[in-house]
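The structure appears below as structure tokens.
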Amino acid sequence: MREQIQGKQFDEERALYYLQHTDVVDCVFAGPADGESVLKEARDVGVKNCSFSLRYPLWHVQGFKMEHSSMDELTRAAIWYACDGEITHSTLGGIKAVRECRNISLTDCEIISQEFGWKSSNISLKDSSITAEYLFLDSRDVKLETVKMKGKYSFQYMENLEIRDSYLDTKDAFWHSKNVTVVNSTLKGEYLAWFSENLTLIDCHIIGTQPLCYCKNLKLVNCTMEATDLSFEYSEVEADVRGHVDSIKNPKCGQITVDSVGEVIMTDDVVMECTGKVHIRA
């Protein structure tokens, strides 16, 4: 039978260290002692209707469920080196909230956390909002579904990323990332996906200057583009774009099909051979 801790306040260092097979309910982690690592090394724990205002609460935790709980801006670096966790209906407000974790799912969460999700694997984020700079740096096997995201420098140096039905307001997204698929989403921001490899965009709307340059094996399927000048420079691309593109510059190879284009720029001062073709749909 599982143990339960209910209705208590903790502020000591490592207050519930190595807690096992226990549900923590209606508890507050805050106070004058300002202790760190309150649930460090916990195993098979549940956290429900709790609030956190202390640093490093869930480090090295294995097997946890957190629901209807909140971590404020003082809860720095909240969840590091953890695995096999589920977080639902919760708020994460401290910087660097998740790092070097694996097998973590987040559903119906509000996240405001710079440098969220670094160097992690098998992470899912669903029906949530997130504000972050440098989101998911150097992570792999990540899925986002119905997510509203705002920030800068997101999804860089990633591998195996899938995004569906989401709105991303971010600059410099997907730089140096590999094996990324985005479906039915809006991608707003400057300099989208430079130096990416194996990026596929399906039914997406792309907004912002100089997108999709220096890409390898870039594919666009039934996408639209807005305010996208100097697109596709030095990219290997197969693109089916519906509507208008402001300008296309020096695609390295492949074919770009559009309804209309403001300007196709093919210059003599290229640093590599550029044989890409632009086809205007009849």
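The values are calculated or read from the model by the stated rules, or taken from the named source; none is laboratory data. Because the structure is a prediction, the values reported are computed rather than measured. Cβ sites come from the backbone with ideal geometry, for glycine too, and all protein chains shown count toward neighbours.
Quick grid of which residues meet (1) on the phi > 0 side of the Ramachandran plot; (2) out of contact with any Pro (no Cβ under 8 Å at 6 or more places or on another chain):
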position	(1), (2)
L16	no, yes
V28	no, yes
L39	no, no
D44	yes, yes
S51	no, yes
S70	no, yes
- If only one of I95, I79 is surrounded by fewer than 20 Cβ atoms within 10 Å (Cβ to Cβ), within 20 Å of T131 (Cα to Cα) and within 20 Å of the chain's Cα centre (by Cα), which one is it? I95
- Message: Just to be sure I understand, how many residues within the range 240-282 are outside any strand (DSSP E or B) and of a type in the set (D, E)?
- Response: 4
- Is the range 114-136 home to any residue that is closer than 23 Å to Y157 by Cβ, among the aliphatic types (A, V, I, L, M) and out of contact with any strand residue (DSSP E or B) (no Cβ under 8 Å at 6 or more places or on another chain)? no
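With over 12 Å from the mean Cα position of the chain (by Cα) and either assigned to a strand (DSSP E or B) or touching a residue at least 40 places away in the same chain (Cβ under 8 Å) (or both) as the only criterion, which of I206, I130 stands out?
I206
Identify the residue in the range 254-280 that is among the polar types (S, T, N, Q) and in contact with a His (Cβ under 8 Å, 6 or more places away or on another chain) and, among all such residues, is surrounded by the most Cβ atoms within 10 Å (Cβ to Cβ). Even if it seems obvious, please write down each step before you answer.
At the first step, the residues of the range 254-280 found to be among the polar types (S, T, N, Q) are 255, 257, 260, 267, 275.
Then drop every residue that is not in contact with a His (Cβ under 8 Å, 6 or more places away or on another chain), which leaves 255, 257, 260.
Working: Q255: 13, T257: 15, S260: 10.
Among them, the one singled out is T257.
Give the residue that is nearest to W59 (Cα to Cα), with candidates limited to residues of the range 1-46 that are part of a loop (DSSP other than H, G, I, E, B) and among the basic types (K, R).
K40
Among the residues of the range 211-222, how many are within 16 Å of Y153 (Cα to Cα) and touching a strand residue (DSSP E or B) at 6+ places or on another chain (Cβ under 7 Å)?
Just the residues of the range 211-222 that are within 16 Å of Y153 (Cα to Cα), to begin with: 211-213.
From what is left, the residues that are touching a strand residue (DSSP E or B) at 6+ places or on another chain (Cβ under 7 Å) are 211-212.
The total comes to 2.
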- Message: Any residue in the range 260-275 that is over 16 Å from A239 (Cα atoms) sitting within a Cβ distance under 9 Å of a residue that is surrounded by 13 or more Cβ atoms within 10 Å (Cβ to Cβ) and of a type in the set (G, A, S)? List the pairs, counting only those 6 or more apart or interchain.
- Response: G262/S247; E263/S247; I265/S247; M266/G276
- Task: Filter the range 140-169 down to the residues that are of a type in the set (S, T, N, Q) and more than 21 Å from T88 (Cα to Cα), then identify the one that is nearest to the chain's Cα centre (by Cα).
- Result: S154
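In the range 47-62, how many residues are assigned to a strand (DSSP E or B), surrounded by fewer than 24 Cβ atoms within 10 Å (Cβ to Cβ) and out of contact with any Lys or Arg (no Cβ under 6 Å at 6 or more places or on another chain)? Give the steps one after another, and end with the answer.
To start, the set of residues in the range 47-62 that are assigned to a strand (DSSP E or B) comprises 47-48, 51-52, 58-59, 62.
If we keep only those that are surrounded by fewer than 24 Cβ atoms within 10 Å (Cβ to Cβ) too, we end up with 48, 51, 59, 62.
Going one step further and asking which of them are out of contact with any Lys or Arg (no Cβ under 6 Å at 6 or more places or on another chain), we end up with 48, 51.
Residues that pass the stated criteria total 2.
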- Message: over 23 Å from A282 (Cβ atoms) and of a type in the set (S, T, N, Q): is that true of T200 in this structure?
- Response: yes
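Looking at K188, K216, which is the one that is over 26 Å from A282 (Cβ atoms), surrounded by fewer than 17 Cβ atoms within 10 Å (Cβ to Cβ) and of a type in the set (K, R)?
On the way: K188 fails: surrounded by fewer than 17 Cβ atoms within 10 Å (Cβ to Cβ).
Of K188, K216, the one residue that is over 26 Å from A282 (Cβ atoms), surrounded by fewer than 17 Cβ atoms within 10 Å (Cβ to Cβ) and of a type in the set (K, R) is K216.
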- Yes or no: Y134 modelled with pLDDT of 95 or more and closer than 22 Å to S53 by Cα? no
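Taking the condition of being of a type outside the set (S, T, N, Q) and more than 17 Å from V245 (Cβ to Cβ), how many residues in the range 256-273 meet it?
Within the range 256-273, the first condition is being of a type outside the set (S, T, N, Q), and the residues that meet it are 256, 258-259, 261-266, 268-273.
When the remaining residues are screened for being more than 17 Å from V245 (Cβ to Cβ), the result is 268-273.
So the answer is 6.
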- Query: Would the range 218-232 turn up any residue that is assigned to a loop (DSSP other than H, G, I, E, B) and charged (D, E, K, R)?
  - Reply: yes
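Have a look at E233, E226 and point out the one that is within 21 Å of Y157 (Cα to Cα) and among the charged types (D, E, K, R). Before the answer, list the steps.
Details: E226 fails: within 21 Å of Y157 (Cα to Cα).
Only one candidate qualifies: E233.
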